[in-house]
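Asker: Below you will find the structure I want to go over with you.
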Amino acid sequence: MIDKINLRLLLASSTAMLNCLTNLISYFKAPTFVTASLCETGGRETNEDRLAWQTDNQGSGYWVVADGLGGHRFGEMAAEIVIKTVSEEYPAHSETTADNIRYLINQSDLRILDKQQIIPGGENMASTAVLLMMDNRRAIWGHIGDSRLYRFRNGQCKCLTSDHTMAQLLVNTGQINAKQIRSHPERNNLLQSLGGNIFRMNIAKAEKFKTGDVFLLCSDGFWEYLSEEEMAAYLQTDITLEKWLLQLEQQLLKNVLKQYQQANNDNYTALAVRVE
């Protein structure tokens, strides 16, 4: 007969094996990416922001936000070119690598440059871009301009990109601090963009994500009126991404009215994805 001590050891061993098996299944199980989005005109006449995303059954996908500029609706055209290029080229470049990030952003730049040559008055059309790619193990991202990528983990918010603006350059050289960017007159002075005279993207090293991570891609019209503390405070454990973005939008509009007393803010776009 099995005595009480051996029974306890047997049960403990079985529990440990079950936990190990559960962890293994969880490790090899493809993650689920839950996505929500927000793209509004704000106080402007037209919306020059664009976004897109795509996921597949193998646990891979991309998410992209573009903010166009150039006036006379050329900004809309430039941002639309970015979204269309990534969408068309992604199936043949879907592996989560720095080379594919570079290829997709480079192709977007080349197509904008081509369009500049054939559209009268469109020589100044340009766009920002932030592109996130994930597979079942890791994430990688690249950006150009001042559209940002944030990651929220365990209640903490981390900005994963660094703006290509004169204001950010002043931060980098110690002349202002990061919190002053939002109110600095040079905050929208882009140093690099797709279709611009200077083109140099930043691409991060691929890193493993964790279950529960939330990534937020957004245009400057979104992050400029919301602090990182506000973004994190609204992201409760059980909240849906749709509700989170709506709460952030309400706070954004309150902050705009507090600052300007009227709704003359920029277009604002946010694309959120949670790893489950």
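The values are calculated or read from the model by the stated rules, or taken from the named source; none is laboratory data. Model, not experiment: these values are computed from the prediction. Counting neighbours? That spans all protein chains shown, and the Cβs are built from the backbone with ideal geometry, glycine included.
Asker: Anything in the stretch 102-133 that is surrounded by fewer than 19 Cβ atoms within 10 Å (Cβ to Cβ) and among the aliphatic types (A, V, I, L, M)? List them, or say none.
Answerer: The answer is Leu110, Leu113, Ile118, Ile119.
Asker: Right, another one. Just the residues that are at pLDDT below 95 and of a type outside the set (D, E, K, R), please, taken from the stretch 119-153. So that I can check it myself, show each step before the final result.
Answerer: Going through the stretch 119-153, the residues at pLDDT below 95 turn out to be 119-124, 136-137.
Passing the criteria: Ile119, Pro120, Gly121, Gly122, Asn124, Asn136.
Each row is one residue, and each column tells you yes or no for (1) loosely packed, with under 14 Cβ neighbours inside 10 Å; (2) over 18 Å from the mean Cα position of the chain (by Cα); (3) under 27 Å from Leu113 (Cβ atoms).
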position	(1), (2), (3)
Cys159	no, no, no
Asp163	no, no, yes
Gln175	yes, yes, no
Gln180	yes, yes, no
Arg187	no, yes, yes
Leu194	no, no, yes
Ile198	yes, yes, yes
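Asker: Restricting to the stretch 210-230, and then to whatever is of a type in the set (Ser, Thr, Tyr) and more than 12 Å from Tyr150 (Cα to Cα), can you tell me which residue is surrounded by the most Cβ atoms within 10 Å (Cβ to Cβ)? Outline the logic, then answer.
Answerer: Pass one, the stretch 210-230, residues of a type in the set (Ser, Thr, Tyr): 211, 219, 225, 227.
In the following step, the residues that additionally are more than 12 Å from Tyr150 (Cα to Cα) were identified as 211, 225.
Working: Thr211: 11, Tyr225: 24.
Ranking the candidates gives Tyr225 first.
Asker: Looking only at the stretch 27-74, how many residues end up being within 19 Å of the chain's Cα centre (by Cα) and among the charged types (D, E, K, R)?
Answerer: 6
Asker: Can you tell me which of Glu229, Glu186 is without any contact (Cβ under 8 Å) to a residue 40 or more places away in the chain and touching a strand residue (DSSP E or B) at 6+ places or on another chain (Cβ under 9 Å)?
Answerer: Working: Glu229 fails: without any contact (Cβ under 8 Å) to a residue 40 or more places away in the chain.
Step by step, each of Glu229, Glu186 is checked, and only Glu186 is without any contact (Cβ under 8 Å) to a residue 40 or more places away in the chain and touching a strand residue (DSSP E or B) at 6+ places or on another chain (Cβ under 9 Å).
Asker: Among (1) touching a residue at least 24 places away in the same chain (Cβ under 8 Å); (2) surrounded by 18 or more Cβ atoms within 10 Å (Cβ to Cβ), which single condition is Arg138 missing?
Answerer: The single condition Arg138 does not satisfy is (2).
Asker: Quick one: in the stretch 231-263, of everything that is of a type in the set (Asp, Glu) and under 17 Å from the mean Cα position of the chain (by Cα), which residue is farthest from Ser219 (Cα to Cα)? Break it down stepwise before answering.
Answerer: The first filter runs over the stretch 231-263 and keeps only residues of a type in the set (Asp, Glu), leaving 238, 242, 249.
Checking the rest, the ones that are also under 17 Å from the mean Cα position of the chain (by Cα) come to 242, 249.
Details: Glu242: 17, Glu249: 13 Å.
Checked the stretch 231-263; the qualifying residue farthest from Ser219 (Cα to Cα) is Glu242.
Asker: Within the stretch 102-121, does at least one residue satisfy the condition of being under 18 Å from Met134 (Cβ atoms) and among the polar types (S, T, N, Q)? Before the answer, list the steps.
Answerer: Kept after step one, since they are under 18 Å from Met134 (Cβ atoms), are these residues of the stretch 102-121: 102-105.
Right, trim to among the polar types (S, T, N, Q) and you get none.
No, the stretch 102-121 has no match at all.
Asker: Would you say Gln250 is of a type in the set (S, T, N, Q) and either in a strand (DSSP E or B) or at pLDDT 95 or above (or both)?
Answerer: Criteria met by Gln250.
Asker: Might you check whether a residue that is in contact with a His (Cβ under 6 Å, 6 or more places away or on another chain) and within 20 Å of Met77 (Cα to Cα) occurs anywhere in the stretch 181-189? I'd like the intermediate steps shown before the answer.
Answerer: The first filter runs over the stretch 181-189 and keeps only residues in contact with a His (Cβ under 6 Å, 6 or more places away or on another chain), leaving none.
Looking for residues that are in contact with a His (Cβ under 6 Å, 6 or more places away or on another chain) and within 20 Å of Met77 (Cα to Cα), one finds none in the stretch 181-189, hence no.
Asker: Within the stretch 262-273, is even one residue among the aromatic types (Phe, Trp, Tyr) and in contact (Cβ under 8 Å) with a residue 24 or more places away in the chain?
Answerer: Taking the stretch 262-273 and keeping what is among the aromatic types (Phe, Trp, Tyr), we get 268.
Still in the list and also in contact (Cβ under 8 Å) with a residue 24 or more places away in the chain: 268.
Yes, the conditions are met somewhere in the stretch 262-273.
Asker: Further, regarding this structure: Could you tell me how many of the residues in the stretch 176-205 are in a helix (DSSP H, G or I) and not basic (Lys, Arg)? Spell out how you get there, then give the answer.
Answerer: The first filter runs over the stretch 176-205 and keeps only residues in a helix (DSSP H, G or I), leaving 178-183.
Filter again for not basic (Lys, Arg), leaving 178, 180-181, 183.
Matching residues across the stretch 176-205 total 4.
Asker: Can I ask one more? When both residues are 6+ apart or on different chains and their Cβ atoms are under 6 Å apart, which pairs have a first residue that lies in the stretch 150-176 and is on the phi < 0 side of the Ramachandran plot, and a second that is of a type in the set (Val, Ile, Thr)?
Answerer: These pairs meet every condition: Phe152/Val214; Ala167/Ile181; Leu170/Ile176.
Asker: Working only within the stretch 143-175, note down all residues that are under 20 Å from Asn189 (Cα atoms) and either of a type in the set (Phe, Trp, Tyr) or part of a strand (DSSP E or B) (or both).
Answerer: His143, Ile144, Arg148, Leu149, Cys159, Thr165
Asker: Restricting to the stretch 112-135, count the residues that are farther than 15 Å from Gly75 by Cβ and not in a loop (DSSP other than H, G, I, E, B).
Answerer: Restricting attention to the stretch 112-135, the residues satisfying the condition of being farther than 15 Å from Gly75 by Cβ are 113-114, 117-118, 120, 130-135.
Going one step further and asking which of them are not in a loop (DSSP other than H, G, I, E, B), we end up with 113-114, 117-118, 130-134.
The qualifying residues number 9.
Asker: I would also like to ask the following. Can you find even one residue in the stretch 80-97 that is farther than 21 Å from Arg200 by Cβ, of a type in the set (Gly, Ala, Ser), assigned to a helix (DSSP H, G or I) and modelled with pLDDT of 95 or more?
Answerer: Yes, some residue in the stretch 80-97 is farther than 21 Å from Arg200 by Cβ, of a type in the set (Gly, Ala, Ser), assigned to a helix (DSSP H, G or I) and modelled with pLDDT of 95 or more.
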